Amino acid sequence: IVFFLGVFELQKKYLIKTEEAEEAHREKERFREISAFTSSVAHEIKNPLNSLSLLLELLQKNVPADTKDDVALGKAELQKIARIIDWFSDSLKPLRPNKETAPLREIVTAAHDALLREAPKPEVEWRYSESRPVFLNGDKNLLVQCFLNLLRNAYEATDRGTVSVEAEKRRKKIFVRVSDTGRGIEPDRLSRVFDPFFTSKDKGMGIGLYLARKIIEAHGGRIGVESPPGRGATFTIQLPGGRHE
Ligand code: ADP
């Protein structure tokens, strides 16, 4: 009886594993189909947009001076649509990180510098700390993009206060905490912030965190968020490997 029960248990486990593998395969296939479809739609939209943009450029040269601003506005709006489509199709493409060893401080500093160039906010204090220099094995451009998205949100949520990044290496894993003392995230929104197109901002796109998570997962890592009421938000990233120097 014990023998048969053992065989039965093993068989049950094997079936569950096979079902899980099949489901993951189906999920991948679905995603591939959706990506192919969306990128062809994006392509179809981009072509007429480019023609319109050229047309407006020609028009701008020939219209009377008092309508030039209107045409320029139209052109800016067209460019915005083109950017949205680019973001949209980029965020659906699978990422292939080009890995190299790089100091985390350099990556975070590059993201922070880019953000300050885009939107300086001197009333917010900035801190970076690591117990010992942390090195990552990853794609520099993608990781800078990831930290830029996290820092942009942190600065936007903080009027006066602190934005900080703390890093440490523990048991062959790298932990990076991106924290702010800003307005925080309401409990019922916490589980949705990584969803594509989830935003609470008037001009938000809701793909910053979706992309950040995609980048971390493409590096074999994980990202989570906590926001105890009244204490801002903390995003915790866990990445494999790395080394101290
Ligand atoms: P977007 O910035 O375009 O809204 P994101 O995906 O970057 O898109 O962020 C999604 C939402 O998550 C934001 O609209 C905001 O509600 C919330 N969020 C993200 N980071 C923070 C933060 N540090 N503090 C408060 N809310 C945040």
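The values are calculated or read from the model by the stated rules, or taken from the named source; none is laboratory data. Keep in mind that this is a model prediction, so the values were computed, not measured. For neighbour counting, all protein chains shown are included, and Cβ atoms are generated from backbone atoms with ideal geometry for every residue, glycine included. Each accessible area value is taken on the protein alone, full model and side chains, heavy atoms only, with ligands, DNA and RNA left out. Shrake-Rupley method; radii C 1.70, N 1.55, O 1.52, S 1.80 Å.
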Checklist entry - Roughly how many debye, to the nearest 20, is the charge dipole of the stretch 112-241 about its Cα centre, given +1 on each Lys and Arg Cβ, -1 on each Asp and Glu Cβ, and no other charges? => result 480 debye
Checklist entry - Looking at the chain, what % of the alpha carbon pairs are farther apart than 33 Å? => result 37 percent
Next on the checklist: As I understand it, the value is the acute angle between the Cα axis of helix 68-92 and the longest principal axis of the Cα atoms of the chain; what does it come to in degrees, rounded to 10?
Outcome noted: 10 degrees
Item to check | For the stretch 71-161: relative contact order, % (alpha-carbon pairs under 8 angstrom, 6 or more apart) | outcome: 39 percent
Next on the checklist: Rounded to the nearest percent, how much of the accessible area of the stretch 1-142 (1.4 Å probe, protein heavy atoms only) is carbon and sulfur?
Outcome noted: 60 percent
Checklist outcome for this item: For the stretch 64-138, the per residue accessible area (1.4 Å probe, Å²) is 64 Å²
Item to check | Förster-model FRET efficiency, 35 Å R0, residue 62 and residue 26, C-beta, rounded to 0.05 | outcome: 0.05
Next on the checklist: Give me the one-decimal nm value for the distance between modelled label points at residue 191 and residue 5, 7 Å along each residue's Cα-to-Cβ direction.
Outcome noted: 3.6 nm
Checklist outcome for this item: Stretched fully, the stretch from residue 18 through residue 46 gains (0.36 nm per residue minus C-alpha distance, one decimal, in nm) 5.9 nm
Item to check | Furthest towards positive pole of dipole, 98, 126, 114, structure part the stretch 98-137, Cβ charges | outcome: 98
Checklist entry - If R0 is 22 Å, what FRET efficiency do you get for residue 141 and residue 105 from their C-beta distance, rounded to 0.05? => result 0.85
Checklist entry - Using every alpha carbon pair in the stretch 112-219, what percent of pairs falls into each 5 Å bin from 0 up to the bin containing the largest distance? => result 2, 10, 19, 24, 22, 15, 5, 1, 0
